[in-house]
């Protein structure tokens with residue numbers, strides 16, 4: 001599944017493996033790219049099983065060449081092409097109150113259910129910066145930022 005292509009089959013299913021679902025954004029930041037703004041150009045990929053359990057995920061920053069990969073065994077970051085993988089570890093943060101959050105919330109009709117489900121998190125934050133997409137303009141037909 002992708003934002004641009006919708007749901008598409010990957011091909012013939014092998015009898016050896018379980019069915020998986022691949023969710024990707026092949027080029028996040030395409031609107032910025034078209035406008036020549038060198039920011040937020042990513043490719044993101046997530047793979048999960050039919051039971052919803054994550055199998056693997058990855059992202060690539062096209063400007064720097066940085067890649068991050070994760071699976072049940074752990075997560076690594078390759079800071080640039082050809083670099084050795086560096087293990088990623090969760091931050092030591094234990095309290096979210098007062099955090100500053102940045103979230104892609106500029107498609108209110110598309111992401112309303114997610115924003116509603118995450119409301120307890122958003123209300124604990126000191127500030128939520130709504131980021132990205134053509135809907136970030138107040139003159140957009142889908143309308144500027146979303147209040148929580």
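Within segment 32-68, the residues that satisfy the criterion of being over 16 Å from residue 1 (Cα atoms) and either in contact with a strand residue (DSSP E or B) (Cβ under 6 Å, 6 or more places away or on another chain) or surrounded by 14 or more Cβ atoms within 10 Å (Cβ to Cβ) (or both) are 32, 33, 40, 41, 42, 60, 61, 62, 66, 67, 68. Of the strands (runs of 3 or more DSSP E) that lie entirely inside segment 46-148, those containing 2 or more residues that are modelled with pLDDT under 85 span 100-103, 127-130. Filtering segment 26-45 to residues that are part of a strand (DSSP E or B) and modelled with pLDDT of 85 or more leaves 42, 43, 44, 45.
The values are calculated or read from the model by the stated rules, or taken from the named source; none is laboratory data. All values reported here derive from a predicted model rather than from experimental measurement. Glycine gets a Cβ as well: all are built from the backbone with ideal geometry, and neighbour counts include every protein chain shown.
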